[in-house]
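Comments concern the structure below.
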Amino acid sequence: MGRRIDAIPLWLRRTGVEVLGWTLILVGVAMLVLPGPGLLAIVGGLVVLSVHNVWAKHLGDGVLIS
C-alpha cells in the first residue's frame, strides 16, 4: 500500500513548501515591528524552506536551539 503523500504531484508539494516557507518569513518580518513572535516565524520559514533549498539549510545551521 502506497503512502498518501505520493498521491500529491511533486510539483504541487514543492510549490506548497515554497509558498508556506516564504509566507512564514514574510509574516515573521512583519511581526518584528508588530506584536508577535517574529524571529520564531522567520526560523520556522527557514526550516520549511530547508526541505528543498540548501541555502536555507545553511542559514538555519546558525540557529542553536538550547
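Only one of (1) in a helix (DSSP H, G or I); (2) at pLDDT below 80 is not met by TRP11, so which one is it?
(2)
Of everything in region 30-46, what is in a helix (DSSP H, G or I) and either hydroxyl-bearing (Ser, Thr, Tyr) or exposed (fewer than 15 other Cβ atoms within 10 Å of the Cβ) (or both)? Give them in sequence order.
The answer is ALA30, LEU32, VAL33, LEU39, LEU40.
The values are calculated or read from the model by the stated rules, or taken from the named source; none is laboratory data. Given the structure is predicted, the values throughout are model-derived calculations rather than measurements. Cβ sites come from the backbone with ideal geometry, for glycine too, and all protein chains shown count toward neighbours.
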